[in-house]
Structures are given as C-alpha cells and as structure tokens.
1. Which one of these is surrounded by 10 or more Cβ atoms within 10 Å (Cβ to Cβ) and touching a helix residue (DSSP H, G or I) at 6+ places or on another chain (Cβ under 9 Å): 98, 50?
2. (1) part of a helix (DSSP H, G or I); (2) closer than 27 Å to residue 50 by Cα: which one isn't true of residue 80, the others all being true?
3. Please determine, by comparing only the residues of region 131-163 that are part of a helix (DSSP H, G or I) and touching a strand residue (DSSP E or B) at 6+ places or on another chain (Cβ under 9 Å), which one is nearest to residue 115 (Cα to Cα).
4. Quick test for you: out of 57, 61, 29, pick the one residue that is at pLDDT 85 or above, in a loop (DSSP other than H, G, I, E, B) and in contact with a helix residue (DSSP H, G or I) (Cβ under 7 Å, 6 or more places away or on another chain).
5. Since residue 128 meets every condition but one in (1) touching a residue at least 12 places away in the same chain (Cβ under 8 Å); (2) in contact with a strand residue (DSSP E or B) (Cβ under 6 Å, 6 or more places away or on another chain), which condition does it not meet?
6. What number goes with the only condition from (1) surrounded by 14 or more Cβ atoms within 10 Å (Cβ to Cβ); (2) within 14 Å of the chain's Cα centre (by Cα); (3) farther than 26 Å from residue 88 by Cα that residue 157 does not pass?
7. The conditions are (1) over 22 Å from residue 151 (Cα atoms); (2) under 21 Å from the mean Cα position of the chain (by Cα); (3) modelled with pLDDT of 90 or more; (4) not in a helix (DSSP H, G or I), and residue 74 fails exactly one of them. Which is it?
8. So residue 111 clears everything in (1) in contact (Cβ under 8 Å) with a residue 40 or more places away in the chain; (2) farther than 24 Å from residue 183 by Cβ except one condition, right? Which one?
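The values are calculated or read from the model by the stated rules, or taken from the named source; none is laboratory data. None of the values given here were measured: they were computed from a predicted structure. Please note: Cβ atoms are built from the backbone with ideal geometry, for glycine as well, and neighbour counts cover all protein chains shown.
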C-alpha cells in the first residue's frame, strides 16, 4: 500500500512527520524525546499562530450536497426530523454536519498520526455512564462515525462545538474563548501526564486501582478554575468558563442515548 492509498484525497500530511509507526500497535514508535523534537520542528512549517486561520478553498464542495450524500442509506421518514433539528440553530447544524467539517479539516495540516478517532467529537457526544468497575465516568458516548483518521480532527470539532454552544447559550465571545482555551489546556495536560506515568492496573476490592499519582499541571490557564472569593483553601474551585450544550440539544442527545 502506497502513502497515497493510505491518505485521504487532499489531506495535507507534513512530510517530516514519522507517522508510519502509529499505523499499527505492532510497530514500535519513536522514543518520546525524539517525538517531542520532531513536533517542535514542525512549527517551522506550520507556526502555531497559523492553526487558527481558515478560509474555504476554491474546490470546496457545496455543503448542502455533502449533507444530501450523507442521507443516503438513512430511513427516509427520519430525514425530515434530522433536517429540522439541524435548521433550528447553528449548534444543531454543527451536530448534524460531521461530513462537512470532516472535509474541511481534512484539508488542513496534520501530523499523519491516525488512530481510530471518534469522527464526531462535538460537545454533545460526551456524557456520563458507568464503567465496568461501576464507577461514574464522563467520556465520549457516540461512535457511529468512528474510523481511522487524524487525531487533530476530533480536537478541532470539539473546540468548534464548545464555541458554537457557548454562543447558543448566550455566552460572550470572551467566555467562549476561555472555554476553548481551558479545553485545549486540559488536553495538553493529559498528553503530558500519561506518557510519563507508570500505571499498573490491578483489581483492588472490586475496582481497578491504577496507583498513579497525578502531578499538578505544569501550566494552568487562568480561565480554567478559580475558588469563590473568601472561600477556604479546601473549598472546591468553580469553573468559570464552563459551556454546556444548549438545553434542547442536550435533551435530544439524552433521548437518543436511551434509544
């Protein structure tokens, strides 16, 4: 299989990124120090400041046609209901147009590291459920769009949905920006923590115990959490930039999950 066969048409993979070692669990990846060095070197090709720039390319397909194509194979009687939810708000449109955003983000620079991604990692597809150990966890709960793809796609869709949901809920642009910053800061903290942790999972008293001690983040966004004024040091912090899905969308997600 040639690199062209493995890469979606139009997908921009940075040539200096060694992505082949991540295409199979049977292959040993580069040492972490080498991966960090390689990642920093990619900034010379794509500065971080450029990651926020986007404009529709000249060959962009008509979004309406992409949506029509995504309706192929669906129950015809349910398509009007789906379209009705999409036209109700910008957030509803974003939820129902994973195919449109997938085409857009596939044209953006990526490292070429292609795990199995959610494919539709918007804010409304996160929820609470019980783990096999009966612990309450929050995680992705919708995988009907899952497929091998760039990890950047999921992160871009998540952050875009946070901003759109914030607008829908009446948050200011500054609050939306704080929420997105908190999201990517937490994502970065997790990436720093897990590769350096040595977790040995073993059952203890009917539950799984990792034995991991999580260090404090190296850098915290000022918008992530702040204790209420005058609260004791032990008081739980309150997240200032929390942005939840619009109530109607959250209700729809909940009912869909139950089905």
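1. Numbers: 50 fails: touching a helix residue (DSSP H, G or I) at 6+ places or on another chain (Cβ under 9 Å).
Matching residue, one of 98, 50: 98.
2. Among (1) part of a helix (DSSP H, G or I); (2) closer than 27 Å to residue 50 by Cα, residue 80 violates only (2).
3. Start the filter on region 131-163 by keeping residues that are part of a helix (DSSP H, G or I), which leaves 151-163.
Within this subset, residues satisfying the condition of being touching a strand residue (DSSP E or B) at 6+ places or on another chain (Cβ under 9 Å) are 151-154, 158.
Working: 151: 7, 152: 10, 153: 11, 154: 11, 158: 17 Å.
Only one residue fits best here, namely 151.
4. Working: 57 fails: in contact with a helix residue (DSSP H, G or I) (Cβ under 7 Å, 6 or more places away or on another chain); 29 fails: at pLDDT 85 or above.
Of the residues listed, the single one that is at pLDDT 85 or above, in a loop (DSSP other than H, G, I, E, B) and in contact with a helix residue (DSSP H, G or I) (Cβ under 7 Å, 6 or more places away or on another chain) is 61.
5. (1)
6. (3)
7. (2)
8. Status for residue 111: all satisfied but (2).
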